[in-house]
Amino acid sequence: MFKNYLKIAWRNLLKNRLYSTINIGGLAIGMAVSFMLLIYVYNEFTFDKFNANNDRLYRVMRNQPSKGDLITGSSTPTQLGAAMEKDLPDVEKFARTNGGGDNLVNYQGKSLKINTMGADPALLDMFSFDFVSGSKKTALADQSSIVLTQSAVKSIFGDRDPLGQTLKLNNKFLLKVSAVIKDNPANSSFNFKALISWQQLEVQQNWIKTSGWGNYSFTTYALLKPAANLTAVNAKVKDIIAHYDPENKENKIFLYPFAKAHLYGQFKNGVNTGGAIETVRLFLLLAICILLIACINFMNLSTAQSEKRAREVGVRKAIGAQRFSLILQFMSESLLMAFVAFVFALALIASLINMFDNLINIRLIVPYTNVWAWLAAIGVTMLTGLVAGSYPALFLSSFKAIKVLKGQVVNARAVFTPRKVLVVLQFSFAIGLILFSIFIYKQINYTKDRPVGYDKVGLIEMPYEGALYKHFDSFRQDAINAGAITDGALTSMSIANNYSNSWGITWQGQLPGEDKIPIDQMATTYHIVNTYGLKLVEGRDFSSAYKSDTAAIMVNQAAVAMMRFKHPLGQIVKYQGRNCTVVGVVENFVWGSPYEPVKPAIIGCIEDWAGNIALRLSPDQSVSKSLATLGALYRKYNPDYPFQYKFTDDAFAQKFNQEKLLGTMATGFTCLAIVISCLGLFGLASFSAEQRKKEIGIRKVLGATTGNLWMNLSVEFVWLVLISFAIGSAISFYYVHQWLGKFTYRTDINPWVFLATMVLSLTICLLTVSWQAIKAALSNPVHSLRSE
């Protein structure tokens with residue numbers, strides 16, 4: 001019997017090619033997009049969960065008081081891990097890591113930069129790294145060893161065997177390749193290409209050995225023993241810093257599950273408030289909604305053909321067919337179409353997944369070899385077929401044999417029908433997405449257009465490394481003389497991102513506890529004001545003409561307000577253990593989050609901290625010519641290092657990546673929802689025109705014009721869209737208001753956005769239904785009335 005159902009289903013597909021193509025196409029697009037979103041959700045939920053010791057791995061976190069609040073971070077002192085292992089019996093192992101970064105690698109005259117991280121050897125035991133060659137036990141036992149990933153080996157050695165080969169790191173340190181591991185998965189917190197031992201890191205950066213408990217520059221991981229109780233461990237470790245460093249006793253330590261940090265890494269006042277899980281939940285909801293509106297579209301298009309299938313149902317019932325058998329037949333058709341759509345969806349996923357990766361800036365792992373993933377996909381397909389086919393099966397099988405054989409099917413003019421409800425649901429979702437997309441981009445543009453306090457256009461930054469330590473002044477002056485730049489400066493970090501703050505800073509008139517407030521900091525030498533285009537409110541920039549500037553600072557307006565300086569110039573501020581004189585005040589500039597108020601900041605004249613070069617390109621010649629000149633000068637003064645730079649405005653734009661991703665995804669899904677919703681509306685219009693063909697014929701005979709008929713057929717759909725707009729706009733207003741509430745600086749919720757969306761929705765509606773309405777209005781009334 002089931003075989004016969006499939007035969008009939010297949011014949012119906014071939015007989016109604018247009019509707020079948022639209023039905024299967026709409027369902028395939030919806031399934032493809034849904035599955036890609038589910039792949040993203042799968043990747044996020046499995047982030048960092050591939051480690052064998054997953055249930056015992058923890059990242060050490062710190063709560064630090066600031067202005068009555070608690071700031072939570074993972075930066076810890078280098079001594080913390082050893083102290084935990086010594087004082088806490090439940091700690092089996094610990095490992096420290098630095099932040100990693102690009103380091104120069106030289107091998108037989110070939111130079112390139114690879115991301116290199118320093119870590120304790122215990123890291124290899126704690127986490128699951130897949131060794132291709134070499135031994136985990138000895139990989140970092142020697143401080144002159146280096147572990148490479150397969151992609152790094154390919155880049156450096158090609159097809160040669162790397163084990164035992166010697167390479168030079170940062171043009172200075174000779175290291176021997178001791179092991180090769182597979183590349184870290186895309187959904188891993190570790191993205192290094194090379195791993196060196198902590199002892200080697202201390203050799204390269206001598207200051208690490210002498211850094212005290214007050215230096216929070218590293219990340220510490222802990223592996224607890226199997227029987228350890230996290231609550232009890234956190235109770236013991238909480239005051240460990242106070243025990244070893246009473247001056248910083250306010251800093252409280254706790255362990256946080258490593259595998260949860262990616263999705264639940266956001267804290268407020270020491271309490272976890274979520275994190276990336278919010279985006280994951282949103283995408284999961286979008287996946288479900290996209291699949292549902294594809295199913296709704298399927299239902300509407302299927303019921304739109306009820307007139308053609310009604311007589312078939314009537315004949316079958318007249319010769320004894322039961323309703324259950326008819327339901328099985330129509331459900332078989334639905335399942336067949338769902339599985340055909342599934343095949344097309346797989347093809348779409350294969351062709352679009354790379355584009356989707358680029359869109360969300362994440363390399364997704366498609367679980368082709370995961371049996372459970374295939375079973376889940378097939379299960380979702382079957383569920384989709386059952387959901388999509390449920391209403392058409394129940395609707396078509398409910399026809400009365402006598403009525404349909406007389407040509408009486410249903411009343412298409414009913415005020416409330418399931419089909420109209422489904423269309424309203426589709427358009428409500430689409431309208432909500434339209435509004436949400438508009439407000440996301442309004443918020444991004446609003447924040448971008450706020451003054452940032454410096455001129456980011458025509459500004460490039462590059463690492464301060466190699467021979468430039470000795471020749472930067474010559475490089476800068478030659479670049480100015482060549483007309484490539486107008487000025488250049490050394491800084492401790494990029495002005496586009498703030499990674500450093502300090503506390504223990506004191507000044508005259510300070511209130512109790514204010515020395516514990518973290519203050520953003522940047523170190524520089526000279527020319528920073530002209531290079532970055534900072535705006536001096538009063539005072540001056542650092543200058544080599546003033547020898548005393550080695551003990552001078554500049555502050556921003558937020559720092560002046562916090563320190564309550566009426567006349568800031570000449571004030572003495574104890575900073576980094578020295579009494580420094582304020583020589584300049586600059587306007588507040590956006591250094592951290594562009595969505596939050598600017599924090600107090602100190603710019604210190606400390607040459608030893610320099611790690612970044614900022615260059616202001618000359619506006620008098622083309623950017624390409626300036627960069628070519630800079631490249632030639634760079635190779636002259638620093639030939640061993642590649643000329644690598646980044647535009648500061650590009651780095652600044654990365655601050656909006658999360659919102660841009662949300663906006664891009666919302667826009668894409670808006671277009672998709674509109675297309676699928678229009679298909680559903682097309683189906684309902686087709687059904688309505690089919691049911692009202694006799695009424696249209698009578699109206700034409702009585703003198704109705706094409707315009708009158710078009711208006712008469714279209715008005716009911718306009719009402720449906722207006723109802724959808726009311727529902728969609730109310731829901732979107734609530735969520736947009738909630739979303740914008742997270743930002744200190746936010747755009748307004750303007751009424752014109754809602755008005756424009758309503759006009760757009762009505763336009764889309766009329767364009768969709770007009771083809772069917774005009775087609776019905778132009779039909780010959782003789783054909784529809786000849787049976788009367």
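The values are calculated or read from the model by the stated rules, or taken from the named source; none is laboratory data. All values derive from a computational prediction rather than experimental measurement. Quick reminder, even Gly has a Cβ in these numbers, built from the backbone with ideal geometry, and neighbours come from all protein chains shown. SASA here: full protein model, heavy atoms, side chains in, ligands and nucleic acids out. Shrake-Rupley method; radii C 1.70, N 1.55, O 1.52, S 1.80 Å.
Remarks
- Matching residues, the range 523-554, being closer than 19 Å to residue 612 by Cα, hydrophobic (A, V, I, L, M, F, W, C) and either in contact with a Gly (Cβ under 9 Å, 6 or more places away or on another chain) or open to solvent by 10 Å² or more (accessible area, probe 1.4 Å) (or both): 523, 529, 534, 542, 553, 554
- Condition check for residue 613: under 21 Å from residue 495 (Cα atoms), buried (at least 17 other Cβ atoms within 10 Å of the Cβ) and touching a Ser or Thr at 6+ places or on another chain (Cβ under 7 Å): no
- Residues in the range 673-685 that are at pLDDT 70 or above and over 12 Å from residue 716 (Cβ atoms): 673, 674, 675, 676, 677, 678, 679, 682.
- Residues within the range 619-649 that are touching a Gly at 6+ places or on another chain (Cβ under 9 Å), open to solvent by 10 Å² or more (accessible area, probe 1.4 Å) and over 23 Å from residue 170 (Cβ atoms), tallied: 8
- Filter pass, residue 536 being under 30 Å from residue 656 (Cβ atoms) and modelled with pLDDT of 90 or more: yes
- Residue 582 being crowded, with 22+ Cβ neighbours inside 10 Å, touching a residue at least 24 places away in the same chain (Cβ under 8 Å) and under 35 Å from the mean Cα position of the chain (by Cα): no
- Total residues in the range 457-483, condition open to solvent by less than 60 Å² (accessible area, probe 1.4 Å) and of a type in the set (Lys, Arg): 1
- The set of residues in the range 250-285 that are farther than 23 Å from residue 128 by Cα and hydrophobic (A, V, I, L, M, F, W, C) comprises 253, 254, 267, 271, 276, 277, 280, 282, 283, 284, 285.
- Single unsatisfied condition, residue 188 versus (1) of a type in the set (S, T, N, Q); (2) buried (at least 22 other Cβ atoms within 10 Å of the Cβ); (3) out of contact with any strand residue (DSSP E or B) (no Cβ under 9 Å at 6 or more places or on another chain): (2)
- Among the residues of the range 448-456, at least one is in contact with a helix residue (DSSP H, G or I) (Cβ under 6 Å, 6 or more places away or on another chain), at pLDDT 80 or above, open to solvent by 30 Å² or more (accessible area, probe 1.4 Å) and more than 30 Å from residue 44 (Cβ to Cβ).
- You will find that of 232, 261, 228, the residue that is more than 33 Å from the chain's Cα centre (by Cα), within 23 Å of residue 95 (Cβ to Cβ) and crowded, with 16+ Cβ neighbours inside 10 Å is 228 and no other.
- Top-ranked residue of the range 267-304 - restricted to ones that are within 23 Å of residue 37 (Cα to Cα) and polar (S, T, N, Q), ranked as most open to solvent (accessible area, probe 1.4 Å): 279
- For the range 71-84, the criterion of being surrounded by fewer than 16 Cβ atoms within 10 Å (Cβ to Cβ), in a strand (DSSP E or B) and either in contact with a strand residue (DSSP E or B) (Cβ under 8 Å, 6 or more places away or on another chain) or among the hydroxyl-bearing types (Ser, Thr, Tyr) (or both) is satisfied by at least one residue.
- Verdict on residue 422 being modelled with pLDDT under 80 and either assigned to a helix (DSSP H, G or I) or among the charged types (D, E, K, R) (or both): yes
- Among residues of the range 264-283 that are within 12 Å of residue 73 (Cα to Cα), those with a Cβ under 6 angstrom from a residue that is among the aliphatic types (A, V, I, L, M) and crowded, with 16+ Cβ neighbours inside 10 Å, sequence gap 6+ or separate chain, pair up as 269/70; 270/70.
- Filter result for residue 439 (touching a helix residue (DSSP H, G or I) at 6+ places or on another chain (Cβ under 8 Å), buried (at least 22 other Cβ atoms within 10 Å of the Cβ) and at pLDDT below 85): no
Table: residues versus (1) open to solvent by less than 40 Å² (accessible area, probe 1.4 Å); (2) at pLDDT 75 or above; (3) more than 30 Å from residue 654 (Cα to Cα); (4) not hydroxyl-bearing (Ser, Thr, Tyr).
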residue: 319; (1), (2), (3), (4): no, no, yes, yes
residue: 347; (1), (2), (3), (4): no, yes, yes, yes
residue: 363; (1), (2), (3), (4): no, yes, no, yes
residue: 368; (1), (2), (3), (4): no, yes, yes, no
residue: 377; (1), (2), (3), (4): yes, yes, yes, yes
residue: 382; (1), (2), (3), (4): no, yes, yes, yes
residue: 388; (1), (2), (3), (4): yes, no, yes, yes
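- Here residue 565 clears all of (1) crowded, with 22+ Cβ neighbours inside 10 Å; (2) at pLDDT 90 or above; (3) of a type outside the set (Lys, Arg) except the condition numbered (1).
- Considering each residue of the range 145-157 in turn, at least one proves to be in contact with a Pro (Cβ under 8 Å, 6 or more places away or on another chain) and without any contact (Cβ under 8 Å) to a residue 40 or more places away in the chain.
- Check on residue 102, among the charged types (D, E, K, R) and not in a strand (DSSP E or B): no
- Residues (under 20 Å from residue 232 (Cα atoms), assigned to a strand (DSSP E or B) and open to solvent by 40 Å² or more (accessible area, probe 1.4 Å)) located in the range 40-70: 59
- Residues in the range 174-198 that are assigned to a strand (DSSP E or B) and out of contact with any helix residue (DSSP H, G or I) (no Cβ under 6 Å at 6 or more places or on another chain): 174, 175, 176, 177, 178, 179, 181, 195, 196, 197.
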